[in-house]
Amino acid sequence: MEKAEGEDNGEEREETVEEKIDRLGRETDDLYEQLRRLLSSSSSPSPPLPCTLPPVRVPEPLLKLRRAIKEKHIERELLLEEQRSSKVVEEYLKDNPSILEKVDDCPICLDPMYDWGFFLCCGKTVCESCAEPLLATNETCPLCRERFPSGTYEVMGILREKAAEGKDWAQCLLGQKYHHGMSGLAQDEHKAESLFRSSAAQGNSNAQYYLGVIEKKRDNPSEAFQLYQAAASQGDMAALSALAMYYHQGDVVREDDMEAVRIATVSARLQNANPRANLVLGHYFAFGGGGLDRSMVRSVHYLKRAIGEFDLNPDTTRRYAAALINISSSYYPECATPPSGDNNWPEALFWYRRAIAQLTDAETIPFVESYESKIKEMCAYCYKSLSTDKPKCCTECKAAYYCSRECQAADWKAGHKKDCVKSLKKRLRATGKFNDL
C-alpha cells in the first residue's frame, strides 16, 4: 500500500486514483531523465530500420530503463482510462435514472446486475461474479437450498418445464439454446423467435435484445434498432453495445462518434466481457476520434478483452496485431525485435496469420512474409547467422528460430515462455470457438 502525500499522523492510507496517476507521472518523468543521461553518455545502438534484426544486443541497463518506463506508462494509462470510464458511467446513469430503477440488485452481493446468471432450481438471478464461483464449488443453491441440477439432460428438462409454465427467463434461455444450437438442440430460428417473443411480451430485456439480433439478420435494421433501444432502456448492456455500433457506422441513425464512444464505454464498464463494446473502444483508441485521443495501450486493452470471446473478422484481427507491434516498437525503439519476455511479435504474427488466411491484402501479406523470412536468418537468442538449412524453430508460435537446442532452451527461460502463443492457443481452444487450433 502506498502512503499518500501529506499524511503526517503516522497512519497509512491507500492512494486515490488521482494521487497514483500523479505519482506514476512523476516516476515516469524521472525514468526518462535517467534514460536521457544514459543515452548521452553511451554509444548505444541507433534505432534499426523497420523489420531488420539487431546486429548486437542492446545494453542491459538501457533495456532495464525501457522496461521500467513501459510498466509505469501502461499502469498510468489504464488508471486514466479507469478514471475516464467511471466518469462516463456516472454521467450516463445520472442522465438515465430509469435504468437503475429497472436493474435488479444481486441477492448475494447487493450490487446492480448488468451481468447475470440464473439458478435453474428456483429461477433467481444473481450477478455473474457471484454465480460462477457458486456453481463451481457448491452443490446446493444458497437461495432456495435445493440441489443444483447437473448434466445436460436434467438442465434441459427443468428449462423446458419452466418455459412451459410461462417463466420469461426460462423462455429466453431456451430460446438462446435454439438460436445458437446448444445443449444438444439443433439450431432452429423459428422456435427461438417464438420463445423470445413470449419472453419479451413479459418485459424480458434480454429477449428483446435477441429479437433485435434476429431482425438485424433479416436486414431490418430499423426494427432491430427499436428493439435494442427497448432492451437498453432496461439496462441490457448487450443491447447498448449494439446501439454503439449503429452510431459508429451511421446505420439508421446519423453517424455520431461521440455517442458511440459514450455508450460503448458504459456497456464495456458495466459488462466487462461485452465483445462488441470492447471492439468499438479498441477501434477509437487505435485511430482517435469520438472525443478520445489515440492510445495504443488502451486500444490493446479493449481489443484483448474482446478477441478471445469469438473469432474476430480479419480486419479487426489485423488491427489488434498492428496495435501489438506498435506498442513493442514505441517502448523499445533501439530494438527491431523487443527483448524476450516483453515481445509482442509472436502473438502479433499469430493474429496476422489468421487474418491473411481469410483475406487477400496487398500490404499485410508481403509485410508478414518479409518478417517471416527475416526471423529465419538469425538466431533469436544469440543473434548468430542461421546458415543451416534446418534451424530449430519454436513449433507453437513459429516466430522464433535458433541455431541450437541450447539457445532455444535458454531463450525459453529468458522470456520466450511468456511471449509464445502456446498458452494463448490453449485459452482460445477452451472457448470452443477456435476449433482449428
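The values are calculated or read from the model by the stated rules, or taken from the named source; none is laboratory data. Model, not experiment: these values are computed from the prediction. For neighbour counting, all protein chains shown are included, and Cβ atoms are generated from backbone atoms with ideal geometry for every residue, glycine included. Just so you know, the surface numbers come from the protein's heavy atoms only, side chains and all, with ligands and any DNA or RNA stripped out. Shrake-Rupley method; radii C 1.70, N 1.55, O 1.52, S 1.80 Å.
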When you go through (1) within 16 Å of Glu82 (Cβ to Cβ); (2) buried (at least 22 other Cβ atoms within 10 Å of the Cβ) one by one for Leu292, which number turns out not to apply?
(2)
First in region 409-437 and over 15 Å from Leu349 (Cβ atoms), second anywhere and assigned to a helix (DSSP H, G or I) and modelled with pLDDT of 80 or more, Cβ under 7 Å, 6 or more apart:
Phe434/Leu428
Do the conditions hold for Asn272, that is, is it of a type in the set (S, T, N, Q), within 21 Å of Lys425 (Cα to Cα), touching a residue at least 24 places away in the same chain (Cβ under 8 Å) and open to solvent by 20 Å² or more (accessible area, probe 1.4 Å)?
no
Go through the residues of region 176-190 one by one and say whether even a single one is under 19 Å from Val280 (Cα atoms), open to solvent by 50 Å² or more (accessible area, probe 1.4 Å) and not basic (Lys, Arg).
no
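Just a yes or no: is a residue in region 132-143 modelled with pLDDT of 80 or more, open to solvent by 50 Å² or more (accessible area, probe 1.4 Å) and within 29 Å of Ala239 (Cβ to Cβ)?
Applying the first criterion (modelled with pLDDT of 80 or more) to region 132-143 yields 140-143.
Next, only the ones that are open to solvent by 50 Å² or more (accessible area, probe 1.4 Å) stay: 140, 143.
Among the residues that remain, those that are also within 29 Å of Ala239 (Cβ to Cβ) are: 143.
Yes: one or more hits.
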Need pairs with beta-carbon distance below 6 Å; first residue within 18 Å of Leu243 (Cβ to Cβ) and among the aliphatic types (A, V, I, L, M) and within region 194-221, second at pLDDT 95 or above and open to solvent by 30 Å² or more (accessible area, probe 1.4 Å); sequence gap 6+ or separate chains.
Leu211/Leu227
Can you spot a residue in region 363-375 that is open to solvent by less than 30 Å² (accessible area, probe 1.4 Å), of a type in the set (Phe, Trp, Tyr) and in contact (Cβ under 8 Å) with a residue 12 or more places away in the chain?
yes
Are any residues in region 92-131 modelled with pLDDT of 80 or more, in a strand (DSSP E or B) and not hydrophobic (A, V, I, L, M, F, W, C), and if so, which ones?
Asp105, Pro112, Lys124, Thr125
Would you be able to say whether some residue in region 135-148 is part of a strand (DSSP E or B) and more than 20 Å from Ala170 (Cβ to Cβ)?
yes
Since Val252 meets every condition but one in (1) open to solvent by 40 Å² or more (accessible area, probe 1.4 Å); (2) at pLDDT below 95; (3) closer than 25 Å to Leu100 by Cα; (4) of a type in the set (A, V, I, L, M, F, W, C), which condition does it not meet?
(3)
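Using the structure shown, decide if Ser241 is open to solvent by less than 30 Å² (accessible area, probe 1.4 Å), within 16 Å of Ile307 (Cα to Cα) and in contact with a helix residue (DSSP H, G or I) (Cβ under 8 Å, 6 or more places away or on another chain).
On the way: open to solvent by less than 30 Å² (accessible area, probe 1.4 Å): yes; within 16 Å of Ile307 (Cα to Cα): yes; in contact with a helix residue (DSSP H, G or I) (Cβ under 8 Å, 6 or more places away or on another chain): yes.
It is true that Ser241 is open to solvent by less than 30 Å² (accessible area, probe 1.4 Å), within 16 Å of Ile307 (Cα to Cα) and in contact with a helix residue (DSSP H, G or I) (Cβ under 8 Å, 6 or more places away or on another chain).
Quick check on Glu146: is it open to solvent by 70 Å² or more (accessible area, probe 1.4 Å) and either at pLDDT below 90 or closer than 27 Å to Arg262 by Cα (or both)?
Numbers: open to solvent by 70 Å² or more (accessible area, probe 1.4 Å): yes; either at pLDDT below 90 or closer than 27 Å to Arg262 by Cα (or both): yes.
In short, yes.
Out of everything in region 155-167 that is part of a helix (DSSP H, G or I) and either open to solvent by 60 Å² or more (accessible area, probe 1.4 Å) or hydrophobic (A, V, I, L, M, F, W, C) (or both), what residue ends up being farthest from Glu139 (Cα to Cα)?
Taking region 155-167 first, the residues part of a helix (DSSP H, G or I) are 155-164.
Applying the additional criterion that residues be either open to solvent by 60 Å² or more (accessible area, probe 1.4 Å) or hydrophobic (A, V, I, L, M, F, W, C) (or both) yields 155-156, 158-161, 163-164.
Numbers: Val155: 14, Met156: 18, Ile158: 17, Leu159: 18, Arg160: 22, Glu161: 21, Ala163: 24, Ala164: 26 Å.
Restricting to residues being part of a helix (DSSP H, G or I) and either open to solvent by 60 Å² or more (accessible area, probe 1.4 Å) or hydrophobic (A, V, I, L, M, F, W, C) (or both), the top hit is Ala164.
Among the helices (runs of 4 or more DSSP H) contained in region 173-264, which hold 1 or more residues that are out of contact with any Ser or Thr (no Cβ under 9 Å at 6 or more places or on another chain) and farther than 29 Å from Thr431 by Cα?
Working: elements: 189-200, 205-217, 221-232, 237-249.
Result: 189-200, 221-232, 237-249.
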